[in-house]
Amino acid sequence: MSACAMLTYSNVSANAWNCGKEVAASYGVTINSNSGCGSASGFTVCWNYNPNTLVAQIQCTDSPWWAPCSVINNKINDAVEQCLSQQNLELTALLGA
């Protein structure tokens, strides 16, 4: 399957980023750096987090045929929103950035 749209988020604190890494780990993707890609269960996700600007970019670049990008990106948005809300931060998605 082709790549899903890149999702870009601002106002992502270090604590919120750490929460996101824990969520990714629960899906089998280990994030050990601020930039990279990881795969699990037929999904490949790439990310870039800039701690200076507090911007995180996340993109599913490969997935099984049965998983549409709309569902994948909704799951990513839900996880980001959960992590930001735990840190009392407002979700700011910069779609199409």
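The values are calculated or read from the model by the stated rules, or taken from the named source; none is laboratory data. These numbers come from a predicted model, not from an experiment. Glycine gets a Cβ as well: all are built from the backbone with ideal geometry, and neighbour counts include every protein chain shown.
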* Asked: If we scan region 7-23, do we find a residue that is at pLDDT 95 or above and more than 16 Å from ALA79 (Cα to Cα)?
  -> no
* To do: Being surrounded by 12 or more Cβ atoms within 10 Å (Cβ to Cβ) and in a helix (DSSP H, G or I) is the filter here, so list the residues in region 23-70 that pass it.
  => VAL23, ALA24, ALA25, CYS69
* Among all residue pairs at least 6 apart or on different chains, which show Cβ distances below 9 Å where the first residue, located in region 15-40, is over 18 Å from GLN86 (Cβ atoms) and the second is part of a loop (DSSP other than H, G, I, E, B) and of a type in the set (Phe, Trp, Tyr)? -> ALA40/TYR27
* Asked: Considering only region 1-26, how many residues are more than 20 Å from GLY42 (Cβ to Cβ) and touching a Pro at 6+ places or on another chain (Cβ under 8 Å)?
  -> 2
